[in-house]
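Notes follow once the structure below has been shown.
The values are calculated or read from the model by the stated rules, or taken from the named source; none is laboratory data. Because the structure is a prediction, the values reported are computed rather than measured. Cβ placement follows ideal geometry from the backbone for every residue including glycine, while neighbour counts extend to all protein chains displayed. Calculation scope for accessible area: heavy atoms of the full protein, side chains included, ligands and nucleic acids excluded. Shrake-Rupley method; radii C 1.70, N 1.55, O 1.52, S 1.80 Å.
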Amino acid sequence: MIRRVILIVLDSVGIGELPDADMYGDSGSNTLGSLVRNVKDFKLENLEALGLGNIDRSIGLQIAENPRGSFGRAKEVSPGKDTTTGHWEIAGVTLPQPFPTFPEGFPKELVEAFERAIGVKTLGNEAASGTEIIARLGDKHVETGYPIIYTSADSVFQIAAHEEVIPLQKLYEICEKARALLKDEYAVGRVIARPFLGKSGSYKRTSNRRDFSLKPIKKTMLDIIVERGMNVAAVGKIEDIFAGAGISEAVHTKDNMDVVDKTLEYMAEDKTGLIFSNLVDFDMLYGHRNDAEGYAGALMAFDDRLPEIFAAMKESDVLIITADHGCDPTTDSTDHSREYIPILVYGRHVRQGVNIGTREGFSDIGATVLDLLGLPIEIDGKSFKTEIYQI
């Protein structure tokens, strides 16, 4: 009997363009494949041993003769390629339409309403790189105290502020006011606090980022697990992505290695249910900055820690490793890419070497989590438990 699932999302680690990638400007994107082709000595021994290279043999990763886990990939049904859309679909919520985006900046009436709500003017209001806009407008922000607002190709309303000018708690309160305003046609997926520190010419974002998401539009696997008296432990930005819905306990983290540490701490406890972790550095620090070397190094660092996770697993645990979208660091774009996501499943009761193929939606993961835990599948998705589970 499975008592607990550990679900780890490697943020943005896509495994090849989806059939509709051209509609999103992502033809040719392949996050993992690009790392293999462009980074010398890139290898992921533990992930490859589970079957990562077997998912798409053309990528160039090592193909395991006898994979230790089951493996496959999934298409995204929901329109979009952002964090909220991907995670919600993993949890069983398929969006009928994409979250709104504002490539030309936010409408004047919305910005004015936001400024009235927070009592000061703002800077920016454009689609921009976070590091670039801080470098460009940071001095003006420090001088005036006005927060910097900006967006990207994703459905986000981002607010940047120097921690010594607008203290963190004040920044979070400002974000909550933005979240309250951003509804109906302005209902972006996430409001993101983007604090930074440093002096003119050397501003640097800190790890105190916070995401303020919409609440899911319907029941997720998290809600079902909690309703049935089981525990959902959220690590990293998972709590923010789901606006706290269906979360029993949560811990925020400063980097990928901290996510692994906190996941291991939860695994040391004896609670039935789900540990849901997100490793954001791949996306935030390397994908968006087109840093292929850094991206590859971060993936290898995670791979090096997998044996600790394997060793911490109980006989009744199942580990699922996946992603939420792509972010190919070798393309001209610095935005997310519309890609398949990998699925790797490992555990004492998981069949080895089973190819679950291409799943027709990310939500098959959430359906399988519920099925493994013996819970009703009251969400979108089709479980692949019968393909991978052995008593």
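Odds and ends about this structure:
- Straight-line reach from LYS121: taking Cα to Cα under 12 Å and skipping same-chain neighbours fewer than 8 places apart, the aspartates and glutamates in range are GLU112.
- Here the translational diffusion coefficient of region 1-123 follows from Stokes-Einstein with Rh set to the Kirkwood radius across Cα pairs; for 37 °C and 0.692 mPa s it amounts to 183 µm²/s.
- Charge dipole (the chain, unit charges on Cβ, about Cα centre) - positive-most of VAL156, PHE212, VAL354: PHE212
- Rg/Rh ratio calculated on Cα atoms of region 181-299 (Kirkwood radius): 1.02
- Charged-residue dipole, Cβ positions (Lys, Arg, Asp, Glu), the chain about Cα centre, Debye nearest 20: 520 debye
- Long-range amide H partners of TYR389 with built H, under 5 Å: ARG351
- Taking 1.567 mPa s as the viscosity and 4 °C as the temperature, the Stokes-Einstein diffusion coefficient of region 210-250 based on its alpha-carbon Kirkwood radius rounds to 127 µm²/s.
- Estimated from helices alone, the mean residue ellipticity of the chain at 222 nm is -9000 deg cm²/dmol (sum of -39500 (n - 2.57) over DSSP H runs with n ≥ 4, per residue).
- Residue-wise HN-Hα couplings along region 81-87, as the Karplus relation 6.51 cos²θ - 1.76 cosθ + 1.60 with θ = phi - 60° gives them from phi, are 7, 10, 4, 4, 4, x, 5 Hz; Gly and Pro carry x.
- Anchor LYS108: aspartates and glutamates whose Cα lies under 12 Å away (excluding residues fewer than 8 positions away in-chain): GLU126
- With 10 Å bins from 0: P(r) over region 118-264, alpha-carbon pairs, percent: 11, 37, 33, 16, 4, 0
- Rounded to whole Å, sorted largest first: equivalent-ellipsoid semi-axes of region 296-391, Cα gyration tensor: 26, 20, 11
- For region 249-344, the Cα gyration tensor yields ellipsoid semi-axes of 27, 13, 12 Å (square root of five times each eigenvalue, largest first, whole Å).
- Alpha-carbon centroids, region 23-73 and region 315-391: separation in whole Å: 15 Å
- Coordinate range along principal axes, alpha carbons of region 7-65, Å, largest first: 35, 29, 19
- Cβ-Cβ FRET estimate between PHE310 and ILE391, R0 fixed at 30 Å, reported to 0.05: 0.90
- Listed residues ARG116, ARG179 arranged by accessible area, highest first, probe 1.4 Å: ARG116, ARG179
- Cα centre as origin, Lys/Arg/Asp/Glu Cβ charges: region 212-340 dipole, Debye: 580 debye
- Computed 3J(HN,Hα) for region 141-155, one whole-Hz value per residue from the Karplus formula 6.51 cos²θ - 1.76 cosθ + 1.60 where θ = phi - 60°, is 4, 4, 5, 9, x, 7, x, 9, 10, 7, 9, 8, 5, 7, 8, glycine and proline marked x.
- Judged by the mean number of other Cβ atoms found within 10 Å, the most tightly packed of the peptides 125-132, 82-89 leads the ranking 82-89, 125-132.
- When the charge dipole of the chain is built from unit charges on Cβ atoms (+1 for Lys and Arg, -1 for Asp and Glu) and taken about the Cα centre, the candidate among ILE238, ASN290, GLY189 whose Cα reaches farthest toward its positive end is ILE238.
- Over 30 Å between alpha carbons, listed pairs LYS271/LYS385; LYS183/LYS271; LYS237/LYS382; LYS183/LYS237: LYS183/LYS271
- Span per principal axis, largest first, for the Cα atoms of region 76-135 (Å): 40, 26, 19
- Under the Karplus curve 6.51 cos²θ - 1.76 cosθ + 1.60, θ = phi - 60°, whole-Hz ³J(HN,Hα) for region 17-31, x wherever Gly or Pro sits: 4, 6, x, 9, 4, 5, 5, 10, x, 10, 4, x, 5, 7, 4
- Gain upon complete extension [THR144, GLU112; 0.36 nm per residue less C-alpha separation]: 9.8 nm
- Convex hull volume of region 233-300 per residue (C-alpha atoms, cubic angstrom): 81 Å³
- Correct choice for Cα extents along the principal axes in Å that was computed from the model, options (1) 63, 48, 37; (2) 74, 45, 44; (3) 63, 39, 37: (1)
- Charge sum, other residues only, whose C-beta stays under 10 Å from ILE341's C-beta, Lys/Arg counted +1 and Asp/Glu -1: -1
- P(r) for region 341-391, from all Cα pairs and a bin width of 5 Å, is 5, 21, 33, 25, 15, 2 %, short bins first.
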